[in-house]
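The values are calculated or read from the model by the stated rules, or taken from the named source; none is laboratory data. Remember, predicted model here, so these are calculated numbers, not experimental data. When we count neighbours, we look across all protein chains shown, and the Cβ atoms used for this are built from the backbone with ideal geometry, even at glycine. The protein model used for the area step is the full one, side chains on, heavy atoms only, and it has no ligands, DNA or RNA in it. Shrake-Rupley method; radii C 1.70, N 1.55, O 1.52, S 1.80 Å.
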Amino acid sequence: MPASIPEADRRHRASAAFSLSFLSLIFSITAFSSSHWCEGTRKVAKPFCKGDSKGDLCIRFNSPDGNSSQAVQYIWETGDDKFVEKKFHAGIWYSCEEMINEEGETCRSFISLTPASDRGVLWLSIVAELLYVVLLLTGNILMSVEICYYSSVIDGLKINAFSAVVTVLAGLLGMVAHMMYTTVFQMTVNLGPEDWRPHTWDYGWSYGLAWTSFACCMAAAVTTINKYTKTILEFKHKRKKLERSFRIQYRFPEHTAPEKVCNVYVNSFQNTTDDPTHALRSLRHLATISVL
C-alpha cells in the first residue's frame, strides 16, 4: 500500500534531518583537518640578494663584489622598502607560510606556537572538536537506522528521540570548540613567537566551514525534534478522536472504558511498523477491539 500523507511527511523530515547532519559531518571533518582557519600576512625583513638574483624580494648592493669582505656595501632600501609581506595560514594542527624567492611553504606545529598558558585551552578545543565529530557520526548512524529499518513504530520514536539528543549535544560541543580556538588564536597573535606574529590577519574558509557545520547540525537537531514532537501530538490527537468515537458509537457505560480500549489499540502497535496515528480501517475493527 502507498504511504499515507502523514507517514510520507515524516519520511521527508527524517531524510532532511539526515541530509543536514551528513553535511555537518563532512564540513566538520574538512575544517578540522585543514589549516585555513585564519589567513593573513607577516612582515619580515628582506634577505640579501645572492649571486645574480634580482627583484624586489631581496636587498641589492651597489657593488658587484657585494659578497667580498673587502668591499664596502651600501644598502639603498630604507624604511618599509627593507621589508616584504609573506602570506600565511594557520589551523588547529599547523601553521604554514610562503617562502621568499622560492616556491612552496614552510609549516610548523601550531601547538608549539601557542603560549604555554593557553596550551591547555587549545587541547580542550581539540578534544571538543573530536567529540563533535564522533557525536555527529553517531547521530548520522541513528538517523540512517531510523530511515532504513526499525522493528516497530515505538522503537522508531525512541531512535528519533535519542538521535535528537545526540545531535543537540554535538552542536553545543562544536560551538564551544570553535569559540575556544578563536580565543587561543587571538592570544597567540598577541603573545606568540616574534618570528610568527602576523602583521594582518582574518578568518579563512575553514573557519567559515566550521560554523556552517554547526548551523547544519543545529538545523538537523531542530528538524529531528520537530518530527518527534509532531508525531507525538498527532498520536495524542488521534487517540482523543478514537475515545470520542467509542463513546458516541458504542455508548460505554463506564467512563474510562474508551480509554482502556484505546490502550489496547496502542499496545497492539508495539510489534508493528504501521503508523500509530492512522485511524482504524472500519468500525468492525473497532467493535472487535471493544469486545477484547
| Members of the stretch 128-155 that are of a type outside the set (Phe, Trp, Tyr), more than 22 Å from Gly208 (Cβ to Cβ) and without any contact (Cβ under 8 Å) to a residue 40 or more places away in the chain | Val134, Thr138, Ile141, Leu142, Val145, Cys148, Asp155
| task | Scan the stretch 135-175 residue by residue and report those that are open to solvent by 70 Å² or more (accessible area, probe 1.4 Å) and closer than 30 Å to Thr114 by Cβ. | result | Leu137, Leu169, Leu172
| remark: Note: among Ser21, Ser4, just one is in contact with a Gly (Cβ under 6 Å, 6 or more places away or on another chain), open to solvent by less than 70 Å² (accessible area, probe 1.4 Å) and either closer than 19 Å to Ser163 by Cβ or at pLDDT below 65 (or both), namely Ser21
| field | So Lys87, is it modelled with pLDDT under 90 and touching a strand residue (DSSP E or B) at 6+ places or on another chain (Cβ under 6 Å) | value | yes
